[in-house]
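These notes are about the structure you will find just below.
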């Protein structure tokens, strides 16, 4: 099987001095890129430009602003190898870096603006306020801080049954990947006590959301045995938001989605930006968004064909695990594993963590053999230890560093099996392991010893970072 790799990176745009940019700055970038041939991404409700996109031979390439912050999120389609990914990333970033010149800088992991954020919401994701309202807690403080810290996401395909095994492997790996890639938490000029903000944010949500959401953030309280079990886990929870017919709806029905579809009922919803309550009939295609409210660090993603019907879906769901997988093979038009716990990386090491993930999934059984030597709870505890302590993380006297070189070699072997020379992208991780320092440690050390300007320069992207050494 020729596996492809899809990438989503959240870059942080700042003024040259590290101060916050404005809505006008971001819109000016969209307009500039539109002049270079990109197509505008228009908000369905406000009719304003919220990003740009392009059509390529590999699929859609999307650049937008994710949340109320200066994050520029770029979603690259699946590429056949890391060399092609780097080439396409350079083609995308080059005109942006040229446009930024001496006015702005594009920075990497974890450097939030050195000023208070301003109103810069340029996103169609109007459901974020719905999440906060639903939580009934003062989560916005944490949400704002979290969205000042860039993240990366890797999407990997595979056989349907293989992806469940891969999800369980990568969930166990959360603490390992956090220790290797930990974000520096320098926010508005202050070093925070957390090495990696995403995991801290997940724990804040876990502790404050209603009980139905408890333990669904980061690493769930148990692995999934099958796609059928994964769907049951998602459907047994109430929906908060649904995408129906291309529009977003806040769900006003408190029943579990499973109960609604089993009873053949309509669901009570309110379209965002409107007050009118409507009743909608669900189809399997409408279920895709539910997974976005189920936030493990590795999640199975799926997209049903428009021809899939709910009666067929229900019959398959009530059958055996194997029959349900056979049904999915016939009715899904896309499925993959979305791996999420990593922070944005320092500029010259941008593809190190994607290379690690690709290598692991190509050598999955070897990785699983090592990880199963410890309990599921051990890896849940290691996740918490790693986001707080980085390379110094340990659980019950067992250090995270115990596993780093063995897993590095497993990833290296996986990449070598592909025979494309991609193992070269792993080299920065070897240095991190031997030095015992996360990217956060390195950046914070520069900040403490050399100051803000040296720190910002160290994090700033240049075209040369994506060239062959």
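Just so you know, all these numbers are worked out from the coordinates, no wet-lab data involved. Owing to the predicted nature of the structure, the values given are computational and were not obtained by experimental measurement. Backbone-built Cβ (ideal geometry, glycine too); neighbour counts: all protein chains shown.
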Volume in Å³ per residue [convex hull over Cα atoms, computed for the stretch 227-329]: 98
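May I ask you to derive the relative contact order of the chain, considering only C-alpha pairs under 8 Å and at least 6 residues apart, and to give it as an integer percent? Spell out each step's value before the answer.
Values: 881 pairs, mean separation 91.0, N = 469.
Normalised by residue count, the contact order of the chain is 19 percent.
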field: Cα point-scatterer Debye curve for the chain, base-10 log of I(q)/I(0) at q = 0.13, 0.14 Å⁻¹
entry: -1.34, -1.57
query: Got the relative contact order for the stretch 227-329 handy, in percent, Cα pairs under 8 Å and 6 or more residues apart?
result: 24
task: Starting with the highest mean, order 345-354, 176-185, 89-98 by the number of other Cβ atoms within 10 Å, averaged over the residues of each peptide.
output: 176-185, 345-354, 89-98
- prompt: What is the distance in Å between the Cα centres of the stretch 318-373 and the stretch 157-180?
  reply: 5
message: Sorting check: for 282-291, 442-451, which peptide has the highest mean count of neighbouring beta carbons within 10 Å, and how do the rest follow?
response: 282-291, 442-451
- line: Expected sort for 381-392, 189-200 on mean C-beta neighbours within 10 Å, highest first, is 381-392, 189-200
field: Efficiency of FRET from Cβ geometry, residue 252 and residue 23, R₀ 30 Å, rounded to 0.05
entry: 0.45
